[in-house]
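Q: I have a structure here, written as structure tokens, and I will follow up with some questions on it.
The values are calculated or read from the model by the stated rules, or taken from the named source; none is laboratory data. Everything numeric in this text was worked out from a predicted model, so none of it was measured. Note that each Cβ is placed from the backbone with ideal geometry, even for glycine, and that neighbours are counted across all protein chains shown.
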Amino acid sequence: MQFLFVRVVKAQDLPSKDITGSLDPYVEVRVGNYKGVTQHFEKNQSPEWNTVFAFSKERMQSSVLDVVVKDKDMLKDDFVGIVRVDLHEVPTRVAPDSPLAPEWYRLENKKGEKKKGELMLAVWIGTQADEAFPDAFHTDVASPIDIRGKVYHSPRLWYVRVNVIEAQDLVVSEKNRIPDVFVKARIGIQFLRTKPIRSQTMNAMWNEDLMFVAAEPFEEHLILSVEDRVASNKDEALGVVIIPLTTVEKRADDRFVRSRWYNLQEPGSEKFSSRIHLRVTLDGGYHVLDESTHYSSDLRPTAKQLWKPSIGILELGILNVDGLHPSKTRDGRGTTDTYCVAKYGHKWVRTRTVIDSLNPKFNEQYTWEVYDPATVLTVGVFDNGQLEEKGSNGKMDMKIGKVRIRVSTLETGRVYTHSYPLLILHPSGVKKMGELHLAIRFSCASMVNMMFLYSRPLLPKMHYVKPLSVTQQDMLRHQAVNIVAARLSRAEPPLRKEVVEYMSDADAHLWSMRRSKANFFRLMSVFSGLLSVGNWFGDVCMWKNPITTSLVHVLFLMLVCFPELILPTVFLYMCLIGLWNYQYRPRYPPHMNIRISHADSTHPDELDEEFDTFPTSRSSDLVRMRYDRLRSLAGRIQTVVGDVATQGERIQALLSWRDPRATVLFIIFCLLAAIVLYSTPFQIFAGLSGFYAMRHPRFRHKLPSAPLNFFRRLPAQTDSML
């Protein structure tokens, strides 16, 4: 994509325009309806701007470039001089050629006559590969200047493990009352507390671990307060200790860290009357779960000394978006101010905002180092809601859609150029907002190292040595997303909170009837292969196709006579299936699928429930109806889980003597089976069993078999349930 680049370097010997003899100059660069403006300098007749402007060549409607020098004034800016350049004479520069040398141009008046003053310019035509492109002010995008493309780095996150051991010499307000003591810990907006302990000795022991998330640089402190539950809704602080996180020891493994005693300061006083025993560490051996593990873009631990070398490079070209739906109205017509955000690892990128276009073109390229192929690149498209003239600061950036691409699905060295549908779920249903055109390439540095990674654990060692509970993971992931959103929203330009949460799937843990259905059908799809094999074997046993059944008998007889061929046959069969499926391999990385998401056949009320706030904002009657529906669904799930448990308990009941007669029968059967199997060659037993299972329907009975009847009569724990 070609651009006209204009570098405004400096000016000299400019004429004065004010009565005082001073000049407040700035430069306005115009091509047709597009223009760019430099900053102005006060009382300076030899200013230096060194500013680059970029004009999209395909959107230019003029053959002349006007560079106008003006004097900033209170009422109306004064004209100082102009330089006109014929665009047909502008040279083309192909990177990585050396930069074009700027030249001095004499200023002219409106009649084309030479005037006092000179302006240094460099004008050339290049592409987005030009090194001036990232720093250029794009005149077809949003102004002000902070809407240009930017690269962000999310903060390095650590787990803060606080082992609250004990407290001694506690002083309570009422001497005759047994205190009900607990410890409340806080880092920023994160609050956790231990279980309450009743102690008559004024000493309390908890030995509990509290886990927090903290970001570098550690600006917030760990604040622990020992409190006494005086009444049902009233707590009394007995002592407080403040620990700066910069003083906490960091560790990258599970080595033992010595505990310390901290003096507790009485609230509102500087006296120390009691103390608390703590072990506080910053654990860097974990991968901080700042996103769903299904979509994780970085699986490395926090501690950099544990990082392994990268295995390759991921290159992303964000080309354009086609067929966008208008999201706002401007000048009586629908339009959109679009920008893209890409996230992989700690690096977030944001393209420039293209204003007033339903088919924006970006043509921006970014690269990331890849450390694990089982990671996901996420690209989201948003409508900039901060460009309105009046009171737009409280307006959110609207999400248009996103695309996830797993690195392991990309062939090494291949360039994928594909358009991905942008799907967004509204309370009214799923809607296609447009198509995102991307170019992607994954280049591998060492194929051997990448293949070796497939045998390594997915997460760092600490996740297996000291695993986190599911509840801890959900809580810590939620806190991590909040920290990253708060930090990136402080950048300039900010990545707003709604953007970070959408890119990180912050609401993935919330209940959704649609997601539940989608996961159920995914489960059915997984087991459909086993079910089809079972149905095929049932057809073989029922002799629906005598030729197929005869061939299966021959194959079964061969495997029985030569059992050493069983495993080789199985693996050879799977190898042949894999080779056969090569012709059906996906040609492009997978994208959002409305059928898999079960978004095309969801009831409107279920969508309204999914978009409801937490806690709910709907009426009590509607919530009651949804609660009853949820109870009905949960009842069916409960029944299925109970049935599965019943079958397992019946297997346990075979030898548990819960049914003495059934256990006696099973013991006699096991004894006879041991004698028969010992005295009968295994091939004969296996052959007779297989031929019996595949016997002709005329030799079958319509009633259930004796072993099945016996199994169904076994007792289960359901008899003991309330």
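Q: For a quick check of your reading: which helices (runs of 4 or more DSSP H) sit entirely within the stretch 602-692 and have at least 1 residues that are charged (D, E, K, R) and in the same structural domain as Arg713 (by TED's automatic domain parsing)?
A: Answer list for the stretch 602-692: 620-652, 660-679.
Q: Going residue by residue through the stretch 621-637, is there one that turns out to be surrounded by 13 or more Cβ atoms within 10 Å (Cβ to Cβ) and farther than 30 Å from Arg514 by Cβ?
A: Within the stretch 621-637 (the criterion being surrounded by 13 or more Cβ atoms within 10 Å (Cβ to Cβ) and farther than 30 Å from Arg514 by Cβ), the answer is no, since none of the residues qualifies.
Q: A further question on this structure: Looking at the stretch 51-98 only, could you name the residues that are outside any strand (DSSP E or B), under 30 Å from Ser22 (Cβ atoms), in contact with a Phe, Trp or Tyr (Cβ under 7 Å, 6 or more places away or on another chain) and free of Cβ contacts under 8 Å to residues at least 40 places away in the same chain?
A: Correct list: empty.
Q: For Phe710, work out the one condition from (1) out of contact with any helix residue (DSSP H, G or I) (no Cβ under 6 Å at 6 or more places or on another chain); (2) of a type in the set (A, V, I, L, M, F, W, C); (3) closer than 22 Å to Leu555 by Cβ it doesn't fulfil.
A: Going through (1) out of contact with any helix residue (DSSP H, G or I) (no Cβ under 6 Å at 6 or more places or on another chain); (2) of a type in the set (A, V, I, L, M, F, W, C); (3) closer than 22 Å to Leu555 by Cβ one by one, Phe710 breaks only (3).
Q: Within the stretch 238-271, count every residue that is among the hydrophobic types (A, V, I, L, M, F, W, C), surrounded by 14 or more Cβ atoms within 10 Å (Cβ to Cβ) and closer than 21 Å to Ala204 by Cα.
A: Going through the stretch 238-271 one residue at a time, the tally reaches 5.
Q: Right, another one. State all residues of the stretch 555-588 that are among the aliphatic types (A, V, I, L, M) and touching a residue at least 24 places away in the same chain (Cβ under 8 Å); if no residue qualifies, say none.
A: Listed by number, the residues that qualify are Leu557, Val560.
Q: Report, ordered by the first and then the second residue, all pairs with beta carbons closer than 7 Å, sequence separation of six or more or different chains, a first member in the stretch 411-425 that is without any contact (Cβ under 8 Å) to a residue 60 or more places away in the chain and assigned by TED's automatic domain parsing to the domain that holds Ser446, and a second member that is surrounded by fewer than 17 Cβ atoms within 10 Å (Cβ to Cβ) and of a type outside the set (D, E, K, R).
A: Sorted first by the residue in the stretch 411-425, then by its partner, the pairs are Gly413/Ser443; Val415/Ala439.
Q: Same structure, new question: Given the criteria over 30 Å from His553 (Cα atoms) and surrounded by 11 or more Cβ atoms within 10 Å (Cβ to Cβ), does Gln683 qualify?
A: Taking the combined requirement at face value, the residue does not satisfy it.
Q: Right, another one. Out of the stretch 594-615, which residues are surrounded by 13 or more Cβ atoms within 10 Å (Cβ to Cβ) and over 16 Å from Ser516 (Cβ atoms)?
A: Passing the criteria: only Ile594.
Q: Right, something else. Could you please find all residues in the stretch 296-347 being in the same structural domain as Arg496 (by TED's automatic domain parsing), in a loop (DSSP other than H, G, I, E, B) and among the acidic types (Asp, Glu)?
A: Answer for the stretch 296-347, where residues must be in the same structural domain as Arg496 (by TED's automatic domain parsing), in a loop (DSSP other than H, G, I, E, B) and among the acidic types (Asp, Glu): Asp331, Asp337.
Q: Which ranges mark the helices (runs of 4 or more DSSP H) fully within the stretch 507-593 that have 2 or more residues being aromatic (Phe, Trp, Tyr) and modelled with pLDDT under 75?
A: none
Q: Which numbered condition trips up Ala101, out of (1) of a type in the set (A, V, I, L, M); (2) within 46 Å of the chain's Cα centre (by Cα); (3) in a strand (DSSP E or B)?
A: Ala101 satisfies every listed condition except (3).
Q: Looking at the structure I just gave you, is Lys390 in contact with a Gly (Cβ under 6 Å, 6 or more places away or on another chain), modelled with pLDDT under 90 and in a loop (DSSP other than H, G, I, E, B)?
A: For Lys390, the condition - in contact with a Gly (Cβ under 6 Å, 6 or more places away or on another chain), modelled with pLDDT under 90 and in a loop (DSSP other than H, G, I, E, B) - is not met.
Q: While we're here: Considering only the stretch 449-504, state which residues are part of a helix (DSSP H, G or I), in contact (Cβ under 8 Å) with a residue 40 or more places away in the chain and of a type in the set (Ser, Thr, Tyr).
A: Across the stretch 449-504, the qualifying residue is only Tyr502.
Q: Report, by residue number, each residue of the stretch 270-284 that is at pLDDT below 90 and part of a loop (DSSP other than H, G, I, E, B).
A: Listed by number, the residues that qualify are Glu270, Lys271.
Q: Right, next: Here is a check on your reading of the model: is Phe710 of a type in the set (A, V, I, L, M, F, W, C), part of a helix (DSSP H, G or I) and in contact (Cβ under 8 Å) with a residue 60 or more places away in the chain?
A: no
Q: One residue is enough: does the stretch 12-31 have a residue meeting the conditions surrounded by fewer than 17 Cβ atoms within 10 Å (Cβ to Cβ), of a type in the set (Asp, Glu) and either touching a Pro at 6+ places or on another chain (Cβ under 9 Å) or not in a strand (DSSP E or B) (or both)?
A: yes
Q: Okay, moving on. Where residues in the stretch 458-491 are touching a strand residue (DSSP E or B) at 6+ places or on another chain (Cβ under 6 Å) and among the polar types (S, T, N, Q), which of them is farthest from Asp253 (Cα to Cα)?
A: Gln479
Q: State the number of residues belonging to the stretch 505-524 that are touching a helix residue (DSSP H, G or I) at 6+ places or on another chain (Cβ under 8 Å), without any contact (Cβ under 8 Å) to a residue 60 or more places away in the chain and of a type in the set (A, V, I, L, M).
A: Residues that pass the stated criteria total 1.
Q: Could you tell me how many of the residues in the stretch 182-203 are at pLDDT below 90, outside any loop (DSSP other than H, G, I, E, B) and surrounded by 16 or more Cβ atoms within 10 Å (Cβ to Cβ)?
A: So the answer is 1.
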